Each structure stands twice: as C-alpha cells, then as structure tokens.
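> Here it is, the structure, as structure tokens.
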Amino acid sequence: MNEIIVISSIAKYDLEATRTGMETIRNKMGEIYEPRDKSKKLTEEEGDKIADRVFNHITRAGETAVFKFDEDSAVAILGTVAAICKAAVKNGFSATAGKSVLLFEDVGRRALLAGLFITIV
C-alpha cells in the first residue's frame, strides 16, 4: 500500500508525502530487523523474503523518481535504502544487506545517468 502512496506522491511532486511514505517504510523495516521483543526476531531467510518484496516496491519508486526527474524524492528513497542496510548489517541479515547495497547502487546509478544531482548525508 505504501508503494502506491509513494509513487503517486512522486508523480504529483508531493515531496512531503513521499518523505512520509519512505519514513514509514524505513521505520517498519527497522522494526522487522530489530524488534523490541527479541523473541520475534526473524530468521535470515524470513528477513530476506520480506526484503525482496519491499525492495521491488522501492525499485519502482526509484524508477518513478528518476523518470520524473525528482532529485528530492530520489534522495529520500536512497536514504531509506541506506537505513534498511544499516539495520540489516547491525542485526546479522547479510543477504538483505547485500541486496540493499545493490538496490542503492541501481537507483543511484539511474539517477546519475539521468543527470540528477544527489547528495546523501
């Protein structure tokens, strides 16, 4: 559902809604990879399956941001991917961390090739 909201927001150049959607994704993924209740920790396989689904949605959002030449949305998307990678590394989800690095590279490369100026802090 968030994917639809994020892509629709990018299409409308609604940066605030895009940021809010990406922040929601970032927070939910953080809760998944670093649950407060340690008994709910996922196996690496479970975490990897979730990452596959979420990363497919993030890829589409990144493609939309690049197509719309929306630098701010691309930055929000890349920031979310970086945060997911950090949570995955911190909690031992190596496959998810690797996939997030590849996703970051893919979206970042598309943005640069399209001429977007991206700065991630």
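> Could you order the peptides 52-64, 33-45 from most to least packed, using the average number of other C-beta atoms within 10 Å per residue? Numbers along the way, then the final one.
Details: 52-64: 18.7, 33-45: 11.4.
Result, highest mean first: 52-64, 33-45.
> What helices does the chain have that are whole DSSP H segments, at least 15 Å long along their own axis by Cα, and with mean Kyte-Doolittle hydropathy of -1.0 or more?
Details: long enough: 15-33 (27 Å, -0.67); 44-67 (33 Å, -0.60); 71-90 (28 Å, 1.10); 94-113 (28 Å, 0.44).
In the chain, the long hydrophobic H runs are 15-33, 44-67, 71-90, 94-113.
> If you add up the charges near R110, with Lys and Arg at +1 and Asp and Glu at -1, over every other residue whose beta carbon is less than 14 angstrom from its beta carbon, what do you get? Could you put the intermediate results ahead of the total?
Values: positive: R60, K68, R109; negative: E63, D70, E71, E105, D106.
Residues close to R110 contribute a combined charge of -2.
> Okay, moving on. Taking the Cα centre of segment 57-121 as origin, work out the dipole magnitude from +1 charges on Lys and Arg Cβ and -1 charges on Asp and Glu Cβ, in debye rounded to 20. Can you show the working numbers first?
Details: 7 positive and 6 negative charges, 49 e Å.
Dipole of segment 57-121, to the nearest 20 debye: 240 debye.
> Let me ask you something else. Could you name the lysines whose alpha carbon sits less than 22 Å from that of K12, not counting residues in the same chain fewer than 8 places away?
K68
> Excluding same-chain residues fewer than 8 positions from K49, which lysines have a Cα within less than 26 Å of its Cα?
Here the lysines satisfying the reach criterion relative to K49 are K28, K38, K40, K41, K86, K90, K99.
> Here is a follow-up. Put +1 on the Cβ of every Lys and Arg and -1 on every Asp and Glu Cβ in the chain; which of S73, G98, L42 then has its Cα farthest towards the positive end of the dipole?
Checked the options; the winner is L42.
> When the expected Rg is taken as 2.2 N^0.38 Å, what fraction or multiple of it is the alpha-carbon Rg of segment 2-113? It would help to have the intermediate numbers written out before the result.
Details: Rg = 13.6 Å, N = 112, 2.2 N^0.38 = 13.2 Å.
Compactness ratio reported: 1.03.
> Within segment 57-74, name every residue whose backbone N is under 11 Å away from a label modeled 7 Å from Cα of K90 along the Cβ vector.
none
Throughout, read-outs are computed from the coordinates displayed, never taken from laboratory work. Only a predicted model underlies this, so the values are computations on that prediction, with no experimental measurement involved. Note that each Cβ is placed from the backbone with ideal geometry, even for glycine, and that neighbours are counted across all protein chains shown.
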